[in-house]
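Just so it is clear, none of the values below were taken in a lab; they were calculated from the coordinates. None of these values were measured; they are calculated from a predicted model. Glycine gets a Cβ as well: all are built from the backbone with ideal geometry, and neighbour counts include every protein chain shown.
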Amino acid sequence: MKITFIRLNMFEHISSDAMKPLLFGIIRSLTPAKHEIEFIDERVERLPEKIESDIIAFSVETYTAKRAYILSKKYKTENNIIAMGGFHASVMVDEMLEYADTVLIGDAEDTWGRFLSDCENGSPCKKYISDESKPLDILEDDPTIYRHNYYGIGVYQISRGCKFNCDFCSIKTMYKCVRRKSADMIAQELKHAKEKIIFFVDDNLFYDKASAIELFRKIAPLKKKWACQISMDAARDDELLCEMKKAGCFLVLMGFESLNPKSLGEMHKSANTAEDYDEVIKRIYRHKLLIYGTFVLGCDNDGQDVFRRTFEFAVRNKIAVTNFNPLIPMPGTAVYKRMEQDNRLIYKKWWLSDDYRYGETAFIPKHMTPNQLRDGCLKIRTEFYSAGCVLKRLFSNPINFIPLNFFVFVLANIISHKEILKKQGQLLGGILNETHIDKT
């Protein structure tokens, strides 16, 4: 069989912030050599007008769901099979089945092989559901499957799932538990990685202190430079931060989410204590690590002052990169269910709406209008990545002039500024109900 596997983009333009698709390597390792398989990353390359494959498979996130459905109509023929998986499949399987022949729910490791075998026999099922029981294995990446170098940054994964349960986060909709690779497995993977700079895509690199320190000591001799996502409890631990730095860490991504303790409580962000954010940041800087901070604005306890206070906090603390995000009710999450029950959703399914635009508000906030939430986030995003603010943050923190830190700071700020201008106000995917005419 011939298989085309597509990593979707939210829009029809080339992105400058695309990370290497980890799933390509996983799918390649799970696909028997007798099948011909090609991988297309729509974020960095244009899709062909026609795809003549027996199977066309899409990895689908909520933000790319409409794009998947549009392309499924474009590429569907009498002789091919359209398959979809990814995070969105875990909560919207019936929606997906309106556009796909088969939906794979959860991990590919125990669904993809069964699906291919059934396709060979001419009897693929509508649904394949992972039971999350298969241990994570070593990924032997095949560089020949990528047509783009992704800034020379490797992407690796230590674990799946998260030990926390924030009410706005979609992680728990796909993973009900946390599974981890051993430190030896990760060291073996990184030993063979051609990239010198690595990003660990785990939603939280730290499950417990002992396993984290074991990992850092195993990978330190490899001399890789790496970035990761961490929770606030890990950031308070000097021993962990010291071991991270010695092992090659140069940047940590942290979900501050809010400066308002009531909003943190609303999110069930149990690891965060807004009162010690400044001290946590100082501790991280003592270890010469850059910070990528994320914030969620528009919670029920947020007033219009939330934008200026959050912006000033990020600038005062010299944060290298930020995301100032409006709260988005993701399907399957507690916040979505709450908004739906209270009749506060502007769009029943914002990800399918031909009116919703990226960066807009999908619900009715309590203490501001939807437009005020949209405009407030855009204003501080734009101001944070203005030339004056970038230079102010660059020169106010000496660790930015460590060579790798300087390169990452400048590149990340340039790319973020560029992507804000590209994405804001864009229609997700295209027009869902547009008719695709086969001119052949």
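Data overview
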quantity: Sites D355 and K126 - FRET efficiency at Förster radius 35 Å, r taken between beta-carbons, to 0.05; calculated: 0.70
quantity: Gain in span if fully extended, Q341 to T77, counting 0.36 nm per residue against the direct Cα distance; calculated: 91.1 nm
quantity: Prolate/oblate/rounded label for segment 32-160 (Cα gyration tensor, a/c 1.5); calculated: rounded
quantity: Sequence-separation-based contact order of the chain, relative, with Cα cut under 8 Å and 6+ spacing, percent; calculated: 14 percent
quantity: Filtered GluC sites (Glu not before Pro), segment 22-96: DSSP coil and at most 16 other beta carbons within 10 Å; calculated: E45, E49, E52, E78
quantity: Principal axis box of segment 1-97, alpha-carbon based, largest edge first, Å; calculated: 33, 29, 28
quantity: Structure-based [θ]222 nm, the chain - -39500 (n - 2.57) summed over DSSP H runs of at least 4, per residue, nearest 500; calculated: -10000 deg cm²/dmol
quantity: Gained length - K288 relative to K134, 0.36 nm times residue gap less alpha-carbon distance; calculated: 51.7 nm
quantity: For a label point 7 Å along the Cα-to-beta-carbon line of H367, residues of segment 284-311 with backbone N under 17 Å; calculated: 296-311
quantity: In segment 332-440, GluC sites (Glu not before Pro) in a DSSP loop with at most 15 other beta-carbon atoms within 10 Å; calculated: E434
quantity: Nearest-0.05 FRET efficiency for L391 and D208, computed from C-beta distance (R0 45 Å); calculated: 0.65
quantity: Counting all C-alpha pairs of the chain, share separated by more than 34 Å (%); calculated: 33 percent
quantity: Computed label-point distance, nm, for sites Q426 and E36 using a 7 Å Cα→Cβ extension; calculated: 3.2 nm
quantity: Low-density loop positions, trypsin sites (Lys or Arg not before Pro), segment 1-90 - DSSP coil, at most 14 other Cβ in 10 Å; calculated: K34, R46, K50
